[in-house]
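As structure tokens, the structure follows; a few thoughts come after it.
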Amino acid sequence: MAEIVNLNKARKARARDDKAAEAVANRAKHGRSKAQKQNDARAEDRRRALLDGAKREE
């Protein structure tokens, strides 16, 4: 005999799995920690300061 499956539970479990997979994709796409954002901002500030210091007077 085949195993009896509750379709409501199966549907909800599939929806939970789909939502979890989407969350993982979104974290990989958009998720950066605050420390990473601050580190990038500091690096950008250093780069700008270096370029501004190398400008020649016209």
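Structural remarks
- Residues in the stretch 32-58 that are of a type outside the set (A, V, I, L, M, F, W, C) and assigned to a loop (DSSP other than H, G, I, E, B): Arg32, Ser33, Lys55, Arg56, Glu57, Glu58.
- Neighbours by Cβ (under 9 Å, 6+ apart or cross-chain): first from the stretch 38-57, without any contact (Cβ under 8 Å) to a residue 12 or more places away in the chain; second outside any helix (DSSP H, G or I): Asp40/Arg32
- Meets criteria (modelled with pLDDT of 95 or more and of a type in the set (A, V, I, L, M)) for Ala2: no
- Search result, residues across the stretch 1-25 that are surrounded by 10 or more Cβ atoms within 10 Å (Cβ to Cβ) and among the polar types (S, T, N, Q): none
- Residues of the stretch 1-31 that turn out to be outside any helix (DSSP H, G or I) and over 23 Å from the mean Cα position of the chain (by Cα), as a count: 6
The values are calculated or read from the model by the stated rules, or taken from the named source; none is laboratory data. Only a predicted model underlies this, so the values are computations on that prediction, with no experimental measurement involved. Glycine also receives a Cβ, built like all others from the backbone with ideal geometry; neighbour counts cover every protein chain displayed.
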